[in-house]
Structure formats: structure tokens, C-alpha cells
1. On a 0 to 90 degree scale, rounded to 10, what angle separates helix 124-133 from the longest Cα axis of the chain?
2. So how strong a dipole does the chain carry about its Cα centre when Lys and Arg Cβ are +1 and Asp and Glu Cβ are -1, to the nearest 20 debye?
3. Any idea what angle helix 220-233 forms with the longest principal axis of the chain, computed on alpha-carbon atoms, 0 to 90 degrees, nearest 10?
4. Calculate the FRET efficiency for ASN123 and THR171 from the Cβ-Cβ distance with a Förster distance of 45 Å, rounded to the nearest 0.05.
5. Hand me the GluC sites (Glu not before Pro) from region 201-281 located in a DSSP loop with no more than 16 other Cβ atoms within 10 Å, in residue order please.
6. For region 50-55, just list the computed ³J(HN,Hα) in residue order, Karplus coefficients 6.51, -1.76 and 1.60, θ = phi - 60°, integers in Hz, with x standing in for Gly and Pro.
7. Once you charge only the Cβ atoms, +1 for Lys and Arg and -1 for Asp and Glu, what is the size of the charge dipole of region 56-99 about its Cα centre, to the nearest 20 debye?
8. Could you name the lysines whose alpha carbon sits less than 20 Å from that of LYS276, not counting residues in the same chain fewer than 8 places away?
Amino acid sequence: MTGRERLLKAVQRQIPDKVPVTLAYGHIDDLCRQRGHPEMVGKLRQDERTLGFHARPAAAEQFRPYIDNPPPGFEFDEWGIGSHRSSTGATATYIHPLANVNSPAEVHAYPFPDLTEPWRHENLEREIAAIHAQGLAAGGQMSQTIFELAMLMRGVERLLMDFLTNPDVATALLDRITEQRCFEARRLAEAGVDVLRVGDDIGSQRGLIMSPATWRRWLKPRMREVIRSGTTVRPDLPVKYHTDGKVEVVIAELAEIGVTILNPVQPEVMDPVWVKETYGDRLAFWGTIGCQSTLPFGTPDQVRSTVRHMIETVGAGGGLVLAPTHSIERDVPWENMLAFYDAAEEFGSYAR
């Protein structure tokens, strides 16, 4: 099987020739170069590449009415969100451009980017065809879909307070983002992505970062609308929903609104085997190899053992795309990454 065929089988909860493998972010060849192992480029399997809409270079000047004298070192994206990365790149400090708005009119006046501009998406078909020509699946990337984007624009405390005390501002902001994301999902589906990736980090290490009722009122219907925009074009389009954290309380409802793949199934806070046993008739699973535990702090033998366990349990009968649950930070030993890939190849065949 090609990587694309393999991954599509798995996310459709069918049995491929072997368990598909990918990284949470980026490509393994790039990681090989970054870690000083160019000799490994092309030798480690990754069955998917991601792509998405093109972004406009940041122009901080247009956000001056909303951002007063930003400190040096901050970079701004086209949504007006300022960020300053830590020395490791793993964390960041943010400037929230909508932190001080007080009315829906101010939200509507904000210079949102226009995702319908043709230059952002007119080459998607060509880019997807190039990925397919390599035998790989094409993942349509639009994570930080609604809540996380709104949170970065408004600030998480202010946005959560808006849900209670300033609902008109929250409605204006979330609806404006949802409108843009619906177009993006529809266009990615039209262009032929193999998997549509949506998601928002709604989970902490202990549970949802808001009440389930709040999620159901503010985020669930809007995410349903975004997903429907893609699946109306292609009813069989696999939809991957990303959220870190402990989110068992809403997994069934994610499936209800059209999610078909749960990512990353963070093993430090949820038991992937239990999740598979409980929801494996409705969902496929993408991830399961912990970036807070096994990969940075385990031995190579422990990494191999964990990979084998996930393949033999969560991967039983298909339905698993094996991946780290998040970025590969500098504290992950290279030997552990090699153990991850070696174990995937050794134990991942369904023909064994």
C-alpha cells in the first residue's frame, strides 16, 4: 500500500497493511535535519503531509489602533496576534489585539483577514496532487479553528468572561471566525484533501477548561457548522479533531457533530485503550504516544514497549494512526525517536 492508501484505510476504521505513522507537527525529514542527522532523511516513514491556506505576511501597522506600543521582540500574524517565543520555542507570550474592545460594533470594525481571497487557496489542487504523487495522504490543516483563535485575539480570561457577562461581544467574534472557517473547510474539501483537520484545545490535564454546558452553548454548534461545510461537499470526508487534555466528557458529542478521528488521545490524562474500547465503533484515533512522558523520559526499550502496546490495543482491527501527541521538543532523545520508528515497523504489520 502507499502511505495514502494505508492512512485512509486506518481512519476509515479498516485494516491496512500496517499502522500508518506521522508526526503531530512537521515532517520527519525536517526533524532529522534539525537534529543533525541528515543521513536519516528519506529513511523514516511518514504517511501524510499537511497543507492549508496561505497567509499574508504580518503588517503590524494596521493593528496600531488595537495594540499600543508593543514591546520589542514580538511578531504579529495577520489576525493581529502578537507572540514572543521563549528561548526553546516551546512556549510564548501573547498580545491579544481585541483585549480592550467592549462592543460588537468594535469587533465588526476590526481588520480581519479575508480567507476568501483567491491567492490563498487557488493552488490547493496542484499542491494536493503533488502530495498524492509521492504516495502520501494530504491533510487539510485548519486547527485552532474557533475557540483558540478567538482566545488568542481576545485573551482567554476575557473570552470566558464574555460568555457570562458580555455575550454580544463573544457572539460577534465567534461568528466572524466561524464564517471564515466554513469557507476554508468547504474549499479544502473541494480541493481534495484526504483528511480535514479541525480542532481547539478545550481540555486541561484535569478536564475541560470550561463547563460542558458552556462548550455546548458556544462552541459545539459552531464547530458542527464548520464540519458540515466540508462534509456537505464530500460526505465521506474524514474529519480529525485535535484537542489536548482530558476530554472524555465530550467525546461522544464530538462524534455526533461529525468528527471521525480523535487526536491526540493524550495518554497522560486519558487511557487510549479505554477510549478505543468505548468509542472505537464511531471514531479512529491519531496519536497516543505521550510527549509529556514516554518520548522525553522513557528509555528506548520503554518507547518500543509503549508503541507495541498501542498498536496491539488501540490499533486492533484498524483505526489507529500512530503519532506523538505533540511537537518533538529538544528534551526528546534522538534514540527515542528511532525507537518509535523501529517499533512501528517491527510491530505495526497487520499481516504478522
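Each value in this text was obtained by applying a stated rule to the coordinates, not by laboratory testing. If you're wondering where the values come from, they're calculated on a predicted model, not measured in any experiment. Don't worry about glycine lacking a Cβ; one is built from the backbone with ideal geometry, like all the others, and counts go over all protein chains shown.
1. So the helix axis and the longest Cα principal axis differ by about 10 degrees.
2. That gives a dipole near 480 debye.
3. Taking the Cα atoms of the chain, the angle to 220-233 is about 70 degrees.
4. 0.85
5. When the GluC sites (Glu not before Pro) of region 201-281 are filtered for loop state and at most 16 Cβ neighbours within 10 Å, GLU268 remain.
6. Couplings: 9, 8, x, 5, 7, 10 Hz.
7. 60 debye
8. Once the sequence-local lysines are set aside, what remains near LYS276 is LYS9, LYS18, LYS240, LYS246.
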